[in-house]
Amino acid sequence: MDFSHISVMLQQCIDGLNIKPNGIYIDGTCGGAGHSVEIAKRLTDSGRLIGIDRDPDAIKAASERLSPYNAKVLKGNFSDMKALAAAEGITEADGILLDLGVSSHQLDTLERGFSYHGSAPLDMRMSQEGVSAKDIVNTYSYESLCKILWEYGEEKFARKIADTIIKRRETKPIVTTEQLADIVCSSIPAKFRREKNPCKKTFQAIRIAVNCELDELDKALDDGFDLLKSGGRLCIITFHSLEDRMVKQRFASFCTGCTCPPDFPQCVCGKKPRGRLVNRKPIEADEAELEVNNRSRSAKLRIIEKI
């Protein structure tokens with residue numbers, strides 16, 4: 001199977017990691033190994049790269065592409081990177097990269113059920129195991145569906161879409177992406193359907209719920225930063241506002257020092273900044289990249305260095 005994926009902001013990530021030839025690096029979302037290979041190329045025999053992914057297709061492709069290098073691909077979630085690294089004898093890392101986007105392979109492989117273009121089984125599982133999109137759509141309550149669509153998709157027509165899902169599934173199970181896309185389109189007023197594809201927010205929301213993406217990111221931010229050596233860097237590419245907001249706020253907390261009330265004559269909390277922002281504003285793809293990879297349009301790269 002050809003696992004195709006165009007790495008987003010590849011050079012910006014490599015520059016951001018500030019790679020040391022003898023360093024230890026973790027690519028927590030290894031995917032097709034686009035970023036990983038470029039990291040591994042820059043390491044000497046004393047350097048080391050650990051790739052992590054939960055998608056069996058990605059693990060197979062990445063393992064093959066990284067075979068010439070001092071690298072190893074592990075099955076798991078990036079939220080478990082601390083435990084996975086410890087099992088490999090790694091307690092500190094010089095750099096960690098997380099590319100939070102859905103891979104081109106996952107989107108373009110219709111049967112994986114991530115895309116709202118065409119008809120395929122309603123799946124969306126990155127790990128290819130566990131609760132699927134079909135399970136959520138056919139078994140979750142109206143209230144739970146509304147919460148998912150509103151909180152994870154910021155979909156203002158969440159109630160109407162959830163209501164239509166409930167009514168349709170009473171007639172027959174919703175088992176394909178085409179059925180779900182039709183439900184969304186029929187639930188949204190025509191003038192909003194003309195602006196852009198109305199399915200994007202709903203499919204994003206259900207995908208996030210299926211893969212517990214925000215919960216995994218929440219844990220990975222703390223564990224990843226703790227795993228860094230002094231001077232090590234954490235680089236994260238996000239693709240929607242919920243992820244980016246979480247990364248921005250957590251990075252800010254890592255960089256915050258004294259939290260004593262301003263009227264205290266001196267600091268009593270003793271809190272010191274633990275990191276510094278390498279880029280105060282997120283890095284975005286340039287026009288040259290956008291011309292060859294439109295999927296990078298929503299990407300934002302934030303980088304923090306541990307001090």
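Give, to the nearest whole percent, the P(r) tail of region 204-307 beyond 24 angstrom, counting all Cα pairs. When every Cα pair of region 204-307 is considered, 37 percent fall beyond 24 Å.
As a calculated quantity, the FRET efficiency between ASP163 and GLU284 at R0 = 25 Å, using C-beta atoms, amounts to about 0.10.
To the nearest 10 degrees, how steep is helix 177-187 against the longest Cα principal axis of the chain, on a 0 to 90 scale? With rounding to tens, the tilt is 70 degrees. A simple charge model with +1 on the Cβ of Lys and Arg, -1 on the Cβ of Asp and Glu and nothing else charged puts the dipole of region 141-281 at about 540 debye relative to its Cα centre. Annotation: region 63-188 has a Kirkwood hydrodynamic radius of 17.2 angstrom, from the mean reciprocal C-alpha pair distance. Surface composition of region 201-307: carbon and sulfur make up 50 percent of the accessible area, probe 1.4 Å. Using every pair of separate Cα atoms, the Kirkwood estimate puts the hydrodynamic radius of region 29-131 at 14.6 angstrom.
If R0 is taken as 25 Å, the Cβ-Cβ distance between SER67 and ALA87 corresponds to a FRET efficiency of 0.75. Between ASP15 and GLN128, residue separation times 0.36 nm minus the direct Cα-Cα distance comes to 37.4 nm. The smallest convex shape that holds all Cα atoms of region 124-170, its convex hull, gives 73 Å³ per residue.
Here the label points at VAL268 and LYS219, each 7 Å from Cα along the C-beta direction, are separated by 3.7 nm in the simple model. FRET efficiency for the GLU143 to LYS172 pair, using the beta carbon distance and R₀ = 25 Å, is estimated at 0.65. Sorting the segments 153-160, 202-209 by their residues' average number of neighbouring beta-carbon atoms within 10 angstrom, most packed first, yields 202-209, 153-160. Charged side chains reduced to their Cβ positions (Lys and Arg at +1, Asp and Glu at -1) give the chain a dipole of some 740 debye around its Cα centre. Under conditions of 37 °C and 0.692 mPa s, the chain yields 159 µm² s⁻¹ as its translational diffusion coefficient, taking Rh as the Kirkwood radius over Cα pairs in the Stokes-Einstein equation. Subtracting the Cα-Cα distance from 0.36 nm times the residue separation, let me have the gained length for VAL292 to SER230 in nm, one decimal. Between VAL292 and SER230, full extension yields an extra 18.7 nm. For the chain, the solvent-accessible area of protein heavy atoms averages 48 Å² per residue (probe radius 1.4 Å; ligands and nucleic acids excluded). The long axis of helix 241-254 is offset from the longest Cα principal axis of the chain by roughly 20 degrees. For region 69-196, carbon and sulfur atoms together expose 50% of the accessible surface, with a 1.4 angstrom probe and every protein chain in place.
The values are calculated or read from the model by the stated rules, or taken from the named source; none is laboratory data. Values in this document were obtained by computation on a predicted structure and should not be read as measured data. Here Cβ is always computed from backbone atoms with ideal geometry, including for glycine, and neighbour counts include all displayed protein chains. Heads up: the accessible areas ignore ligands, DNA and RNA and are worked out on the full protein's heavy atoms, side chains in. Shrake-Rupley method; radii C 1.70, N 1.55, O 1.52, S 1.80 Å.
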